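A short worksheet on the structure shown next.
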Amino acid sequence: MRLFLYLVKVNLCFACLSILSVCIENLEEVSMSKKMILGSVLVVTIVLLGINFGQYLTLENAKTQQAVLNDYIDSNFIAAAAIYFVAYVMITAFSIPGAAVVTLLGAALFGFWNSLLLVSFASAIGATLAFLSSRYLLRDWIQTKFGDKLATINKGVEKDGAFYLFSLRLIPVFPFFLINLLMGLTPMSVSRYYITSQIGMLPGTAVFLNAGTQLAEIDSLSGIISPSVLLSFALLGVFPIFAKWLMGKFRSTPITD
């Protein structure tokens with residue numbers, strides 16, 4: 001339960017921040033009076049976030065929480081892993097903001113290999129649930145809302161088949177949740193979607209989890225500039241570039257589904 005509540009707190013915080021970012025992006029589309037109201041709401045929200053979550057944003061508190069959760073996991077590994085797994089599936093399936101933070105948290109709490117197993121399967125299952133909801137529940141809404149992007153997806157699937165999805169998982173041209181929804185409206189089978197997604201997301205997941213394990217070792221602010229931490233973040237930056245280069249090499253040879 002402690003782990004579940006901590007995951008809820010983390011995701012609530014980042015969900016609020018994501019909503020704020022969306023509001024800021026659309027400020028130019030509203031009238032001045034609405035801007036004033038929205039600005040006031042933003043200020044109040046930021047203050048409330050600072051009051052309620054400021055205590056969780058210190059390194060000292062992070063290490064304390066990590067120690068408490070690690071003790072719980074050591075005593076209840078199966079239950080903790082199940083809670084984390086189900087929470088991650090739900091976060092992915094419902095496109096709840098904060099998945100990146102929960103991924104890093106998993107690496108810090110469960111270690112690299114355990115978290116790789118949990119995140120790899122949970123993210124693929126969650127993505128497949130979103131895929132199925134798109135295909136059977138949200139088809140009309142998605143076609144109306146994202147018709148232009150759907151045309152691009154259909155063209156890519158028609159040309160390269162599952163390899164197109166694989167490339168999107170390595171180099172996400174569209175947001176993660178949008179890939180799940182749009183792919184649900186293509187002819188691709190559920191099994192092929194699941195397998196391709198899990199394999200395609202695995203390299204990026206591994207790089208991300210590696211960064212999480214390095215962050216978990218930080219005991220002071222000076223540790224942020226340690227070689228291992230800097231290298232892990234360098235990998236995060238280099239990986240998309242390398243993946244794009246690799247996909248370019250593969251695309252030089254026509255691939256069919």
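The values are calculated or read from the model by the stated rules, or taken from the named source; none is laboratory data. On a predicted model such as this, the values are computed, not experimentally measured, just so you know. Heads up, the Cβs are rebuilt from the backbone with ideal geometry, glycines too, and the neighbour counts pull from every protein chain shown.
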Which one of these is under 17 Å from the mean Cα position of the chain (by Cα), part of a helix (DSSP H, G or I) and either over 28 Å from Gln65 (Cα atoms) or without any contact (Cβ under 8 Å) to a residue 40 or more places away in the chain (or both): Leu129, Leu104? Leu129
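If I filter segment 74-96 for residues that are modelled with pLDDT under 90, in the same structural domain as Met201 (by TED's automatic domain parsing) and within 30 Å of Ser133 (Cα to Cα), do I get at least one hit? Show your work before the answer.
Going through segment 74-96, the residues modelled with pLDDT under 90 turn out to be 95-96.
Checking the rest, the ones that are also in the same structural domain as Met201 (by TED's automatic domain parsing) come to 95-96.
The next check asks that each one be within 30 Å of Ser133 (Cα to Cα); those that pass are 95-96.
Yes: segment 74-96 contains one or more residues that are modelled with pLDDT under 90, in the same structural domain as Met201 (by TED's automatic domain parsing) and within 30 Å of Ser133 (Cα to Cα).
Anything in segment 111-131 that is farther than 15 Å from Ala99 by Cα and either crowded, with 24+ Cβ neighbours inside 10 Å or small (Gly, Ala, Ser) (or both)? List them, or say none.
Gly111, Phe131
For segment 138-171, which positions are in contact (Cβ under 8 Å) with a residue 24 or more places away in the chain and of a type in the set (Lys, Arg)?
If the condition is that a residue be in contact (Cβ under 8 Å) with a residue 24 or more places away in the chain and of a type in the set (Lys, Arg), then Arg139, Lys149, Arg169 are the ones that fit.
Here is a yes/no grid of residues against (1) under 18 Å from Phe94 (Cα atoms); (2) touching a Lys or Arg at 6+ places or on another chain (Cβ under 6 Å):
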| position | (1), (2) |
| --- | --- |
| Gln143 | no, no |
| Thr152 | no, no |
| Lys155 | no, no |
| Leu178 | yes, no |
| Gly184 | yes, yes |
